[in-house]
């Protein structure tokens, strides 16, 4: 365990947090997922990390908090408080470009539209179906198999070009 005699710089803390993987999708960090909303020191010198879960009933919330705490304590942080922030609610708009690319490389199609009202960029195919490019071959010849995927935040699609099934990270 690292011994820290002075409080670490906020940028350094962010770099440690960038190494903490999401427990459900380990190729993406909590920072790239966009759920680490703020890192600061309060008036008592306690490091505060504000976390917004992907949704209020997310079963991974406690594991995420434990992983954040373990990573920071391993780097010598003694005074730490995790703050659950539910407002504004998490949105897939908070995924970083690096996170979107890592999802794609892992075989999960990232959201193809923006969730924030007024910024919708929904791409539609003839009958109003969402066009989700295959993360394996980039074909847009894909079809929805089920609105429900391996986790509540994903849908199941299939590519009609390479015939591979894949998860699509729903726009939330």
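The values are calculated or read from the model by the stated rules, or taken from the named source; none is laboratory data. These numbers come from a predicted model, not from an experiment. Cβ coordinates were reconstructed from backbone atoms using ideal geometry, including for glycine residues, and neighbour counts include every protein chain displayed.
So, of the residues in the stretch 21-40 that are in contact with a strand residue (DSSP E or B) (Cβ under 8 Å, 6 or more places away or on another chain) and part of a loop (DSSP other than H, G, I, E, B), which turns out to be surrounded by the most Cβ atoms within 10 Å (Cβ to Cβ)?
Checked the stretch 21-40; the qualifying residue surrounded by the most Cβ atoms within 10 Å (Cβ to Cβ) is 28.
Might you let me know whether the stretch 125-142 holds any residue that is assigned to a loop (DSSP other than H, G, I, E, B), surrounded by 12 or more Cβ atoms within 10 Å (Cβ to Cβ), modelled with pLDDT under 90 and in contact with a strand residue (DSSP E or B) (Cβ under 6 Å, 6 or more places away or on another chain)?
yes
Given the structure, is residue 77 modelled with pLDDT of 95 or more, crowded, with 16+ Cβ neighbours inside 10 Å, in contact with a strand residue (DSSP E or B) (Cβ under 7 Å, 6 or more places away or on another chain) and outside any strand (DSSP E or B)?
For residue 77, the condition - modelled with pLDDT of 95 or more, crowded, with 16+ Cβ neighbours inside 10 Å, in contact with a strand residue (DSSP E or B) (Cβ under 7 Å, 6 or more places away or on another chain) and outside any strand (DSSP E or B) - is met.
From (1) more than 20 Å from residue 151 (Cα to Cα); (2) touching a residue at least 40 places away in the same chain (Cβ under 8 Å); (3) touching a helix residue (DSSP H, G or I) at 6+ places or on another chain (Cβ under 8 Å), pick out the condition that doesn't hold for residue 39.
(2)
Filter the stretch 15-25 for residues that are modelled with pLDDT of 95 or more and out of contact with any helix residue (DSSP H, G or I) (no Cβ under 7 Å at 6 or more places or on another chain) and give the result.
Result: 15, 21.
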